[in-house]
Amino acid sequence: MAAIDQKPSALSVFSKGLLIENPTLRQMLGLCPTLAVTTAVTNGIGMGVATTFVLVCSGIVVSLLRNIIPTTMRLPAFITVIAGFVTIVMMVVEAYLPDLNQALGIYLPLIVVNCIVLGRAEVFASKHPVKDAALDGLGMGAGFTLTLVLMSAIRELLGAGTLLGFPILLGIVEPMTVFIMPPGGFAVLGVLIAISVVFEMRRKRRAGEPEDEAIASQEDVCASCQMCDLKEREA
């Protein structure tokens, strides 16, 4: 019983978002902006930092209000909190980074309905204290940002021959424009997901954990959600 009730360390709360529960590579969340904005590294960094800011700030507020918000109103309340921080991000980016604002386009305001942000508010922040909620948001945001930066670096390098706008392969290798098109995005994402699965299986073997529980974290997310029970009671 003591092992079950043992509180996870701050490091484990933060680090799980990097690979074990990486929101994009392991939980398949936030794929729309992942595929759309990763044609350049600057876009990936911008979207990742913006989403991380919203994750951390909304997680803190939701955690502070977790005992105040009624169960039947939690999703509208969470969306309202998230929308407030997304508005702040949009205003800052529009004022100081107009080029990035234009590049990200509609995907910046769509952070409001990003499943990563709403999912962490529902599954984690609403059930844990402020410190853990902030660390969880920071870890998930870092994992999301790393995925975006890695994808955008591969796509920009192979598709345009540049990296952060600087010519790297130009004049050496002919740019393969397919990588900055949707098919290239799906291909790169698929390869990164496969690599993450291999690393996770190796980690589980070293730790002596069952390998068939690779998606257990996502199942836990579903199990912890009370929406199905709520809908049945309302019916």
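Structure above, values below:
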| item | result |
| --- | --- |
| Cα lying deepest toward the dipole's positive end in the chain, options LEU150, LEU192, ALA133, charges on Cβ | ALA133 |
| Phi-based couplings in Hz for region 171-180 (Karplus 6.51, -1.76, 1.60; Gly and Pro marked x) | x, 10, 10, 5, x, 9, 4, 4, 6, 9 |
| Dipole magnitude (debye, nearest 20) for region 129-211, charges at Cβ of Lys, Arg, Asp, Glu | 260 debye |
| Candidate values [x] 200; [y] 175; [z] 153, label of the one derived for volume of the Cα convex hull per residue in Å³ | [z] |
| Interchain or long-range residues, amide H under 5 Å from LEU163's placed H | ILE168 |
| For the chain, size of Cβ-based charge dipole, Lys and Arg +1, Asp and Glu -1, in debye | 340 debye |
| Of all accessible heavy-atom area on region 58-207, the percent that carbon and sulfur account for (1.4 Å) | 74 percent |
| For region 48-192: accessible area per residue (Å², 1.4 Å) | 48 Å² |
| Accessible surface, 1.4 Å probe, highest first, among residues ASP99, ASP136 | ASP99, ASP136 |
| Alpha-carbon radius of gyration plus Dmax, which is the widest Cα pair, for region 116-177 in Å | 18.0, 54 |
| Probe 1.4 Å, all protein chains present, accessible-area order of GLU21, GLU94, GLU174, GLU209, largest first | GLU174, GLU94, GLU209, GLU21 |
| Value of [θ]222 nm, deg cm²/dmol, for the chain, DSSP H segments ≥ 4, -39500 (n - 2.57) each, nearest 500 | -21000 deg cm²/dmol |
| Accessible area in the full protein assembly, largest first, 1.4 Å probe, for MET140, MET176 | MET176, MET140 |
| Cα convex hull of region 98-144 - mean projected area over all directions, nm² | 3.8 nm² |
| q = 0.10, 0.14 Å⁻¹, region 1-124: log10 I(q)/I(0) [Debye, one scatterer per Cα] | -0.35, -0.67 |
| Helix axis angle, 41-64 relative to the chain longest principal axis, alpha carbon, degrees | 10 degrees |
| Per-residue HN-Hα couplings for region 151-163 [Karplus 6.51, -1.76, 1.60; θ = phi - 60°; Hz; x = Gly/Pro] | 4, 5, 5, 5, 5, 5, 5, 7, x, 10, x, 10, 9 |
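The values are calculated or read from the model by the stated rules, or taken from the named source; none is laboratory data. Note that the coordinates shown come from a computational prediction; the quantities given were computed from them, not determined experimentally. We place every Cβ from the backbone using ideal geometry, glycine too, and count neighbours over all the protein chains shown. Please note that ligands, DNA and RNA were not included when accessible areas were found on the heavy atoms of the full protein model with its side chains. Shrake-Rupley method; radii C 1.70, N 1.55, O 1.52, S 1.80 Å.
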